[in-house]
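A short reminder: the numbers here are calculations on the coordinates, not readings from a lab. Note that the structure is a prediction, hence the values are computed from the model and not measured. We place every Cβ from the backbone using ideal geometry, glycine too, and count neighbours over all the protein chains shown.
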Amino acid sequence: MNDTDAAVVPIWTLSTSQQSVEVPAVADHGTLTPERLTELRSALAAFASAPLVTLEAHPLVKKRDRSAGLPLDAVSPLAQELSRLVGANAKSVPAVAQVAQSSEALYRMVVPAKVAAEVGKGLLKPMSSKAVAGGIHGSLVGAKGIAANATFVPVQPAAAGAATGTAAGTVAAGGAMTVAAPLVLLAVAVGASAYADHQRQKATERITELLEQLHDDKLERERNELDGCRDAIDKATGLLLDRGKVGASLGLDSAVHAISTAIQNADRRVKKWEAELDSFAGDRAEVSELEAKFPGVGDDGGIFRTHLELAALAIALKRRVILLQGVEAGQSDPDNQFENFVRSLKTDQERIFELEARIDQVLRRLSELEVRTPNRLIDKVMTRKQVDELLETSYRLRALGEGVATMAPDQEVVIEIEKHSDGTLLVLPARAA
């Protein structure tokens with residue numbers, strides 16, 4: 001396929017600050033191949049003095065189910081910011097004009113690792129892949145774009161005074177860069193919130209299956225209390241993303257209290273698991289010892305696995321609450337949005353990251369345990385049933401370690417936003433590139 005067949009994709013370099021930012025000259029003219037675009041992102045991350053992200057506009061080839069992300073209506077602030085950005089360049093850049101004329105588009109924001117480290121730690125983690133050792137699952141596209149033969153056109157910022165929204169269209173020294181703090185803030189916040197809600201959905205489904213087997217009223221109450229927080233969080237999310245104010249009538253205070261209680265329960269259980277693992281001599285344990293200290297660890301169900309899923313549910317809800325607080329702080333100062341947003345995330349974000357890291361470490365340690373023969377059978381021949389039980393437990397322990405994924409320190413974050421023909425948006429869960 002020759003170059004004339006390549007799809008032309010407009011790409012904006014967006015900054016979150018109006019301070020002067022030196023953009024490498026590669027962004028000033030001509031077109032970029034996917035490889036050259038990757039190089040540009042690396043250069044931006046290395047040399048920029050303020051957070052920079054890139055935004056691509058692709059044709060919308062396939063729509064996802066609306067349950068896969070967070071839907072926003074056509075008059076939402078994020079939809080308006082995207083429309084302003086496209087409208088500011090529609091007359092001067094043919095590729096942008098095509099986007100403006102199309103009723104549907106897929107916007108793809110790539111947050112460099114330098115910026116992702118500030119907003120992603122504790123809020124985002126890739127899902128491990130069993131197909132490839134150390135691999136992760138992506139949703140649609142790779143780090144180099146949707147089409148391998150695409151060429152990218154850097155879009156110059158709009159002239160001063162153009163109708164591009166709050167603080168957008170400002171020309172910074174050095175090259176093709178647009179200051180669009182509200183757009184970056186909203187896209188990052190909604191993408192991370194969509195990721196957290198996706199994690200909540202998965203945890204809720206698994207807890208429901210486990211509780212159907214256990215018939216445990218106490219654990220059922222824990223699940224219901226956490227599930228009851230969703231309405232308040234959803235309402236508060238919608239209100240804040242429309243730049244409204246969250247009041248006491250939404251019930252967010254009681255939801256935050258329930259989530260904090262669940263986080264404390266998870267922390268207490270992790271401490272107990274850590275102590276139980278320390279009690280195993282030489283990282284070896286009998287099946288009966290494991291079951292006594294980690295009930296159900298060798299089965300598909302069981303109390304231990306339910307406790308794990310309750311912790312995952314609490315963490316997912318806590319992530320959404322942290323993001324709500326971050327958006328509220330970020331929007332309180334229109335001239336300093338992203339800095340406030342990041343600052344407000346830090347403390348609680350790090351606590352969540354630490355708790356999840358400790359849970360992952362418990363799972364790793366369990367997966368590395370050696371399941372040994374019971375002492376009473378050491379000089380006897382084991383039955384076929386006993387051998388099968390020993391092997392089955394070993395396999396299930398190894399599987400615990402396969403589900404643990406770690407965000408690499410140099411990982412970019414991708415946020416995909418579908419624009420539909422009726423003007424509504426669907427923001428897909430943020431993911432590692």
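Descending by average beta-carbon neighbour count within 10 Å, the peptides 61-70, 34-43 line up as 34-43, 61-70, the highest first.
Pairs exceeding 30 Å between alpha-carbon atoms, taken from 235/419; 272/318; 218/385; 235/293; 293/385: 218/385; 235/293.
A simple spin-label model places pseudo-atoms 7 Å from Cα toward Cβ; at residue 398 and residue 261 they are separated by 4.2 nm.
The tail of the calculated P(r) for the stretch 194-402 beyond 26 Å holds 44 percent of all Cα-Cα pairs. Backbone amide hydrogens, once placed in the peptide plane, bring residue 152 within less than 5 Å of 9, 32, 33, excluding anything fewer than 5 places away on its chain.
If you take all other residues with their beta carbon under 12 Å from the beta carbon of residue 107, and give Lys and Arg +1 and Asp and Glu -1, the sum is -3.
The charge dipole of the stretch 229-350, taken about its Cα centre with unit charges on the Cβ atoms of Lys, Arg (+1), Asp and Glu (-1) only, comes to about 340 debye. Once the C-beta distance of residue 227 and residue 420 is scaled by a Förster radius of 25 Å, the resulting FRET efficiency is 0.30 to the nearest 0.05. Summing charges over neighbours of residue 400, with a neighbour being any other residue whose Cβ is under 11 Å away from its Cβ, gives +2 when K and R count +1 and D and E count -1. In straight-distance terms, cross-link reach from residue 202 covers every one of the aspartates and glutamates whose alpha-carbon lies under 14 Å from its own, apart from those fewer than eight places away in the same chain; here that gives 227, 309.
Near residue 332: Cβ cut-off under 12 Å, other residues only, Lys/Arg at +1 and Asp/Glu at -1. The net charge is -1.
Put a plus charge on the Cβ of each Lys and Arg, a minus charge on the Cβ of each Asp and Glu, and nothing anywhere else: the dipole of the stretch 194-402 about its Cα centre is then about 200 debye. Taking amide hydrogens as placed 1.01 Å from N in the peptide plane, the amide H of residue 179 sits under 5 Å from those of 15, 169, 170, each at least 5 positions away in sequence or on another chain.
When peptides 338-346, 224-232, 7-15 are ranked by their average number of other Cβ atoms within 10 Å per residue, the highest-first order is 7-15, 338-346, 224-232. Residue ranges 213-221, 88-96 sort as 88-96, 213-221 when ordered by packing (mean number of other C-beta atoms within 10 Å per residue, highest first). Cross-link partners among aspartates and glutamates for residue 271, C-alpha distance below 15 Å, same-chain residues fewer than 8 apart left out? Leaving aside aspartates and glutamates fewer than 8 places away in the same chain, those within reach of residue 271 are 354, 356, 360.
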